[in-house]
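First the structure, in the form of structure tokens, and then the observations on it.
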Amino acid sequence: MNKGLLKKILPHLLAVLIFLIVSVFFNKPALEGNVLGQHDILGWKGMAQNAFDYKAKTGHYPLWNTNVFSGMPNYLIVIEGKSILPDINKIIGLGLPAPINYFFIACICFYILCLALGLNPMIGIMGALAYAFATYNPIIINAGHITKMFAIAYMPLLLAGMILSYHKKYWLGLAVTTLGAYLQISANHPQISYYFFIIAFFVTVAYIVYWVQKKEWKHMGLALGITAISVIAGVATHALSFLTTSEYSKATMRGGKTISIEGDKVQAAKTTGLDTSYAFSYSLGKGEVVTMIMPNAYGGSAKNANDENSAVVSKLVKKGAPEGTAIQIASSLPKFWGESDSTSGGPLYAGAIICILAIIGFVLYKKPLRWALLAVSVVGMLMAWGRHFPSFNLFLFNHLPLYDKFRAPSITMVILQFTIPVAAVLGLQELLYREKSKELLKADFKKIIYAVGGLVALLGIMYLMMDYSSSIDQQVLARQWDQSGTDEIGRQIVAGLKEDRKSLFGMQLLRTIGFAILVLGMLYLYLKNVVKQAVVVAVLGLITVIDLLVVDKDYLNDEDYHSKDEIEAQTNAKTAIDEQILQDKSPDYRVYSLSQERFSASDYHVSTFHKAIGGYHPAKLRIYQDIIERYLSGGYSPQILNMLNTKYIIMQDPQTGKETLMPNTDAYGPCWLVKHVKLVKDDVEEIQAIGTTNLKDTAVVQQAFANLVTQPVADSLSTITLAKFDNDEIEYSADCRSAQFAVFSEVYYPYGWNAYIDGKKTEYTKTDYVLRGISIPAGKHTVKFAFEPTSYKKGITIAYIGSYLVALFFLGGLFMAWRENKKKKAA
């Protein structure tokens with residue numbers, strides 16, 4: 001091999017080797033064939049089991065899933081399209097088992113970004129490891145948020161392509177931006193992609209300002225044009241998901257609502273997105289931003305409890321409580337004292353050294369990227385505060401396009417998780433590898449000390465000014481701890497908790513000061529010619545990685561792995577009740593579990609084996625959510641369960657947790673003819689009416705559908721029965737002696753479900769708020785419902801064309817970049 005070529009590629013080979021070693025070391029059980037017990041993945045598999053079984057029989061996935069929420073589009077759960085592209089995730093991840101591949105891919109993509117920025121490879125290795133092993137990543141991986149992790153991993157790759165184009169490497173920029181856009185969108189986590197495009201917007205604006213100042217009009221046009229067509233090609237490959245999701249969102253909780261429900265009270269409402277109370281759940285506490293640099297300042301995670309060293313113990317013992325009782329009380333209380341709904345799963349730790357270097361980078365780095373990174377970091381932090389900074393976030397919620405479709409503002413901290421290490425590597429490059437670095441470092445050393453000192457001072461002020469209160473304190477005070485009836489014990493416990501919190505924050509502050517001294521010390525040694533640049537990077541990089549891995553192990557460790565057989569048994573083991581229900585060979589009936597988790601990801605079991613009333617999806621159909629809120633959230637309404645054809649109810653003993661099966665012989669079945677159609681004004685009247693109307697005899701329909709309703713003629717001889725049941729096609733046989741109105745126990749979803757009577761397409765109505773109804777003329781007829789969403793067909797076609805564009809732009813861009821480079825060398 002050419003020695004010059006070997007010298008060029010050797011650092012990159014070394015980088016890949018280091019990424020591989022660290023990723024494998026952190027996830028050793030995965031090499032032994034063990035897997036993580038990710039509850040969200042288990043939940044998804046349960047919801048998707050119906051689709052898996054369907055594909056095993058037919059060779060393809062259904063478009064409608066019957067086992068979740070009485071039915072919903074299956075392409076929101078599992079989807080397959082058409083593409084000429086290979087599995088690029090597997091290629092970039094070297095075929096490594098999960099979760100090794102997630103960390104490895106994140107390392108590779110951030111390293112490519114560092115190369116695009118012209119950074120020293122050693123700094124790129126340090127930054128890549130810091131980005132990949134930021135503590136939020138193992139937390140979400142362990143929870144099973146895999147699409148989110150892939151979207152985070154590919155953010156640097158897409159920005160790398162944009163940077164290449166912005167730095168006049170057009171052909172290579174075309175190739176990398178196209179690949180990055182394709183992979184980012186294909187990760188299928190719209191919220192993370194949305195936050196990345198906010199970053200990209202700020203970066204682009206910063207460069208545009210620079211180009212305008214320099215009057216580089218032609219370059220600006222080329223760079224922006226290349227970025228635009230690359231992103232369009234990447235987005236096109238995901239048209240199937242975009243079109244179907246966009247269509248579906250109109251009918252979901254994220255598309256707004258027409259009614260507001262509070263207990264039995266229902267009133268009209270009109271929103272176009274999520275409720276702010278729901279959208280701003282999981283808002284980050286303002287102070288919790290410090291977990292970026294101090295991982296345990298707020299106690300780590302909600303699973304961490306106090307121990308015998310807690311100040312709670314000493315305070316209770318002083319009040320005369322037995323030591324054993326005091327320890328028991330302390331250990332029953334969480335050490336975590338942040339917002340219970342935001343970072344209770346763990347901190348957002350990016351690495352103390354990385355945060356310190358980022359502060360230095362914001363001060364010293366002079367190019368356009370600095371202001372973009374700084375501005376979007378501030379905006380991301382403010383967005384993460386959600387309901388704790390309502391004036392800013394309500395404005396965004398009401399005016400920023402699509403922002404009202406997302407919840408959990410704390411997730412916007414991924415913006416800082418990305419920008420902080422980018423600023424850090426830029427800062428370190430500026431410190432060590434710019435021309436005349438030592439002379440400039442000497443001149444800038446005071447600025448560096450002021451910047452780091454300012455950060456420490458800010459943390460110190462927080463330490464002194466905070467009162468260390470938490471939402472759990474009121475619960476402690478409200479609890480009766482003894483027979484005296486006073487809250488003295490409660491106040492002592494709260495005082496002890498506050499003392500623990502202050503001590504914890506103080507220890508984390510001292511830890512941060514230690515890292516600051518280390519960074520400044522290494523820079524000083526370099527300035528005095530005691531160590532070389534490579535030694536500074538190696539020491540800081542090694543300590544950063546060790547620091548992050550130690551913290552990460554609290555949230556993803558060997559104990560989280562299980563054998564595949566154990567996981568398989570957990571997800572696919574039928575209970576005696578399942579076996580009893582499955583003896584019923586009727587083609588269409590539903591099962592309702594009264595488990596407390598029946599509408600959450602934790603209770604996926606029923607959907608695994610049966611057509612369930614419950615289930616989990618982050619974007620339920622709005623009309624179904626309304627039914628849940630009005631009639632099912634407190635338990636169940638017999639009439640509502642009957643109209644949903646609930647043939648079996650699984651009861652649970654609240655004391656023992658033991659389940660028993662209650663057959664429901666009153667279920668109306670898959671279809672029935674009514675004696676009368678009751679017309680109501682709007683959604684409010686309709687949802688209230690179904691709770692007081694005998695739905696077996698009377699259908700409730702809104703006035704808007706009145707022209708489609710033929711009042712039936714009461715006739716006991718007329719019948720309608722289910723003839724054929726398939727996920728995507730249901731057929732009924734009707735024998736009507738007179739005009740009739742039929743109700744079908746299938747969820748109303750007009751975006752694709754078409755009705756046919758004797759092969760002729762027929763309009764049908766929204767009936768009983770959540771079901772379908774249709775007028776049937778006298779005579780014998782075949783009534784068919786077929787799920788034929790045009791968005792799905794269009795999406796497949798566009799995505800297939802998009803896959804050709806991605807291949808063309810990526811391979812063509814690489815080829816042209818190679819040819820251009822070859823010409824330059826020849827010249």
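Go over the candidates L440, L416 one by one and state the one that is closer than 30 Å to Q533 by Cβ, part of a helix (DSSP H, G or I), touching a helix residue (DSSP H, G or I) at 6+ places or on another chain (Cβ under 6 Å) and not polar (S, T, N, Q).
Numbers: L440 fails: touching a helix residue (DSSP H, G or I) at 6+ places or on another chain (Cβ under 6 Å).
Answer to the selection: L416.
Matching residues to (1) touching a strand residue (DSSP E or B) at 6+ places or on another chain (Cβ under 7 Å); (2) modelled with pLDDT of 95 or more; (3) over 16 Å from Q429 (Cα atoms):
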{"position": "L497", "(1), (2), (3)": "no, no, yes"}
{"position": "L542", "(1), (2), (3)": "no, yes, yes"}
{"position": "D560", "(1), (2), (3)": "yes, no, yes"}
{"position": "K564", "(1), (2), (3)": "yes, no, yes"}
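Could you give me the residue pairs with C-beta distances under 9 Å whose first residue belongs to the range 80-98 and is farther than 25 Å from W64 by Cα, whose second residue is of a type in the set (S, T, Y) and in a loop (DSSP other than H, G, I, E, B) wherever it lies, and which are 6+ apart or on separate chains?
Short answer, once both residue conditions are applied: L85/T237.
Which pairs do you get when a residue that is over 16 Å from G161 (Cα atoms) and of a type outside the set (A, V, I, L, M, F, W, C), found in the range 116-129, comes within reach of a residue that is part of a loop (DSSP other than H, G, I, E, B) and open to solvent by 40 Å² or more (accessible area, probe 1.4 Å), reach meaning Cβ atoms under 6 angstrom, with the pair 6+ apart or on two chains?
From the range 116-129, the pairs are N120/Y433.
Suppose we filter the range 120-148 for residues that are among the aliphatic types (A, V, I, L, M) and at pLDDT 95 or above; how many remain?
Counting residues in the range 120-148 that are among the aliphatic types (A, V, I, L, M) and at pLDDT 95 or above gives 9.
Please tell me if G37 is under 23 Å from the mean Cα position of the chain (by Cα), modelled with pLDDT under 90 and of a type in the set (G, A, S).
Considered against the rule, which asks whether it is under 23 Å from the mean Cα position of the chain (by Cα), modelled with pLDDT under 90 and of a type in the set (G, A, S), G37 comes out as yes.
Residues being under 30 Å from Y631 (Cα atoms) and of a type in the set (A, V, I, L, M, F, W, C): count how many of those fall in the range 558-598.
Within the range 558-598, the subset under 30 Å from Y631 (Cα atoms) is 571, 574-598.
From what's left, of a type in the set (A, V, I, L, M, F, W, C): 576-577, 581-582, 591, 594.
Result for the range 558-598: 6.
Is it the case, given these coordinates, that V235 is within 23 Å of M149 (Cβ to Cβ), open to solvent by 30 Å² or more (accessible area, probe 1.4 Å) and β-branched (V, I, T)?
Against the criterion (within 23 Å of M149 (Cβ to Cβ), open to solvent by 30 Å² or more (accessible area, probe 1.4 Å) and β-branched (V, I, T)), V235 qualifies.
Can you find a residue in the range 691-707 that is over 28 Å from H781 (Cα atoms) and under 35 Å from the mean Cα position of the chain (by Cα)?
No, the conditions are met nowhere in the range 691-707.
Go through A755, A778, A799 for me and flag whichever is among the aliphatic types (A, V, I, L, M), in contact (Cβ under 8 Å) with a residue 40 or more places away in the chain and open to solvent by less than 30 Å² (accessible area, probe 1.4 Å).
A799
Step by step: first the residues of the range 579-597, then only those that are under 34 Å from the mean Cα position of the chain (by Cα) and among the acidic types (D, E), then the one that is modelled with the lowest pLDDT. Which residue is that?
E597
Quick one: would you say G795 is of a type in the set (G, A, S), over 30 Å from E685 (Cβ atoms) and touching a Phe, Trp or Tyr at 6+ places or on another chain (Cβ under 8 Å)?
yes
Hey, could you check the range 446-481 for residues that are among the β-branched types (V, I, T) and within 26 Å of G320 (Cβ to Cβ) and say which is least open to solvent (accessible area, probe 1.4 Å)?
Across the range 446-481, the extreme among qualifying residues is V476.
Restricting the search to the range 680-706, which residues are assigned to a helix (DSSP H, G or I) and aliphatic (A, V, I, L, M)?
Applying the first criterion (assigned to a helix (DSSP H, G or I)) to the range 680-706 yields 683-689, 703-706.
Selection gives V684, I687, A689, A704, A706.
Restrict the check to the range 375-383 and report whether at least one residue is within 30 Å of L542 (Cα to Cα), without any contact (Cβ under 8 Å) to a residue 12 or more places away in the chain and either in a helix (DSSP H, G or I) or acidic (D, E) (or both).
yes
Go through the range 422-436 residue by residue and tally those that are under 11 Å from F362 (Cβ atoms) and outside any helix (DSSP H, G or I).
Residues meeting the conditions: 0.
Among the residues of the range 643-679, count how many are exposed (fewer than 12 other Cβ atoms within 10 Å of the Cβ), part of a strand (DSSP E or B) and not hydroxyl-bearing (S, T, Y).
1
Return the residues of the range 255-291 that are at positive phi, out of contact with any Asp or Glu (no Cβ under 7 Å at 6 or more places or on another chain) and touching a residue at least 60 places away in the same chain (Cβ under 8 Å); say none if nothing qualifies.
G256 - this is the single residue of the range 255-291 that is at positive phi, out of contact with any Asp or Glu (no Cβ under 7 Å at 6 or more places or on another chain) and touching a residue at least 60 places away in the same chain (Cβ under 8 Å).
Of all residues in the range 180-190, which are closer than 20 Å to G144 by Cα, open to solvent by 20 Å² or more (accessible area, probe 1.4 Å) and part of a helix (DSSP H, G or I)?
S186, P190
Can you name the number of the only condition in (1) under 22 Å from V806 (Cα atoms); (2) touching a Leu at 6+ places or on another chain (Cβ under 8 Å); (3) of a type in the set (A, V, I, L, M, F, W, C); (4) open to solvent by less than 10 Å² (accessible area, probe 1.4 Å) that M155 fails?
Answer for M155: the failing condition is (2).
Listed residues D735, D768; which is open to solvent by 30 Å² or more (accessible area, probe 1.4 Å) and either in contact (Cβ under 8 Å) with a residue 12 or more places away in the chain or among the aliphatic types (A, V, I, L, M) (or both)? Walk me through how you get there before you give the answer.
Working: D768 fails: open to solvent by 30 Å² or more (accessible area, probe 1.4 Å).
None of the others qualify; the one that does is D735.
When you go through (1) over 29 Å from A612 (Cα atoms); (2) in contact with a helix residue (DSSP H, G or I) (Cβ under 7 Å, 6 or more places away or on another chain) one by one for D715, which number turns out not to apply?
Answer for D715: the failing condition is (2).
How about the range 418-435: which of its residues are open to solvent by less than 10 Å² (accessible area, probe 1.4 Å) and closer than 16 Å to V376 by Cβ?
F418, T419, P421, V422, A423, A424, L426
Within the range 55-67, which residues are within 13 Å of I79 (Cα to Cα) and hydroxyl-bearing (S, T, Y)?
Scanning the range 55-67 gives a single hit, Y61.
Yes or no: I613 among the aliphatic types (A, V, I, L, M), surrounded by fewer than 22 Cβ atoms within 10 Å (Cβ to Cβ) and in contact (Cβ under 8 Å) with a residue 40 or more places away in the chain?
Against the criterion (among the aliphatic types (A, V, I, L, M), surrounded by fewer than 22 Cβ atoms within 10 Å (Cβ to Cβ) and in contact (Cβ under 8 Å) with a residue 40 or more places away in the chain), I613 does not qualify.
Tell me the residue from P347, P295 that is modelled with pLDDT of 85 or more, buried (at least 23 other Cβ atoms within 10 Å of the Cβ) and closer than 30 Å to I77 by Cα, please. Spell out how you get there, then give the answer.
Details: P295 fails: closer than 30 Å to I77 by Cα.
Only one candidate passes the filter, namely P347.
Can you tell me which residue within the range 391-401, out of those that are open to solvent by 60 Å² or more (accessible area, probe 1.4 Å) and assigned to a helix (DSSP H, G or I), is nearest to S277 (Cα to Cα)?
Within the range 391-401, the match that is nearest to S277 (Cα to Cα) is L394.
The values are calculated or read from the model by the stated rules, or taken from the named source; none is laboratory data. Keep in mind that this is a model prediction, so the values were computed, not measured. With ideal geometry, Cβ positions are generated from the backbone for all residues, glycine too; neighbour counts draw on all protein chains shown. Just so you know, the surface numbers come from the protein's heavy atoms only, side chains and all, with ligands and any DNA or RNA stripped out. Shrake-Rupley method; radii C 1.70, N 1.55, O 1.52, S 1.80 Å.
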